[in-house]
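Below is one structure, written out as structure tokens; the observations come after it.
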Amino acid sequence: MAKPLPQQTLLLELISMSGDIAVPSEDDGTLLFRTLGECKAANWIRLSPFGQGFDKASLTASGRSILKELVAT
């Protein structure tokens, strides 16, 4: 399993601690949006429509697994 970058780890930990979070659905050019895309591509998070202009970011089983791996090391 690939090791996440620091910003990806931070995002995964944030979602894990907070539960699902609302994130912008349109690319606003921020590091957050790019990190969301990277985590989604790695299948660590799922993005689903939440409201006008926002998506809901949720951890997948793979995302939880990668966090457990990081804690164990």
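The values are calculated or read from the model by the stated rules, or taken from the named source; none is laboratory data. No experiment lies behind these values; they were computed from the predicted model shown. Cβ: placed from backbone, ideal geometry, glycine included. Neighbour counts: every protein chain shown. The accessibility values were calculated without ligands, DNA or RNA, using every heavy atom of the protein model including side chains. Shrake-Rupley method; radii C 1.70, N 1.55, O 1.52, S 1.80 Å.
Residues are listed down the side, and each one gets a yes or a no for (1) open to solvent by less than 40 Å² (accessible area, probe 1.4 Å); (2) in a strand (DSSP E or B); (3) on the phi > 0 side of the Ramachandran plot; (4) modelled with pLDDT under 95:
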site	(1), (2), (3), (4)
LEU12	yes, no, no, no
GLU38	no, no, no, no
SER48	yes, yes, no, no
GLY63	yes, no, no, no
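Pairing each residue of the stretch 46-73 that is basic (Lys, Arg) with any residue that is outside any strand (DSSP E or B) and open to solvent by less than 100 Å² (accessible area, probe 1.4 Å), provided the two are 6+ apart or on different chains, yields C-beta distances under 9 Å for ARG46/THR60; ARG46/GLY63; LYS56/ASP20; ARG64/LEU12; ARG64/SER16; ARG64/TRP44. Criterion first (modelled with pLDDT under 95 and touching a strand residue (DSSP E or B) at 6+ places or on another chain (Cβ under 9 Å)) does GLY19 satisfy it? The answer is yes for GLY19.
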